[in-house]
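The values are calculated or read from the model by the stated rules, or taken from the named source; none is laboratory data. Since the model is a prediction, treat every value here as computed from it, not as a measurement. All Cβ positions, glycine included, derive from the backbone under ideal geometry; neighbour counts span all protein chains shown. We work out accessible area using only protein heavy atoms, side chains counted, and drop any ligands, DNA or RNA first. Shrake-Rupley method; radii C 1.70, N 1.55, O 1.52, S 1.80 Å.
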Amino acid sequence: MSSSWKMNLYLGSITFLLTYLFSIYTNTWQTSLFRASIGFLLFFILGYVLRYLLYHAVVRKDLKQTMLNEEVEHTSNEAQAPYVDKVEGEEPSFQSVPLQSLHTKN
């Protein structure tokens, strides 16, 4: 994905320290340590979840852009060669007439 587990470890550690330091003033050290550990685990795991969701959002966006580019390319190819039958073995339901044949006088 876009980042390594070290980023999640860094965010979890910062959360651990801040939670422990703010909680130690009003609670015992065991309760503060427990709450800081829960904060570390939440931020560590939520970091993976967030990166996973962002990764799939980017992949989905790239896939849509690729499909759009292929569709534009496909329509431009059809505009360049309108008389080529794309499906072999099947008669086309509509036969186009070249413009030059419409304007010539017989």
- Item | Accessible area of Ser37 in the full protein assembly, 1.4 Å probe (Å², nearest 10) | 50
- Stokes-Einstein D (µm²/s) once Rh is taken as the Kirkwood radius of region 19-68 over alpha-carbon pairs, at 37 °C in 0.692 mPa s: 247
- Roughly what would the spin-label model give for Leu9 and Leu54, points 7 Å off Cα along C-beta, in nm? 1.9
- Net charge over other residues, Cβ less than 14 angstrom from the Cβ of Phe44 (K, R count +1; D, E count -1): +2
- Rounded accessible area of Leu9 (nearest 10 Å², 1.4 Å probe): 70
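Ordering Tyr55, Tyr25, Tyr48 from largest to smallest accessible area (1.4 angstrom probe), what's the sequence? Let's see the in-between values first.
Values: Tyr55 110, Tyr25 190, Tyr48 85 Å².
Ranking Tyr55, Tyr25, Tyr48 by accessible area, largest first, yields Tyr25, Tyr55, Tyr48.
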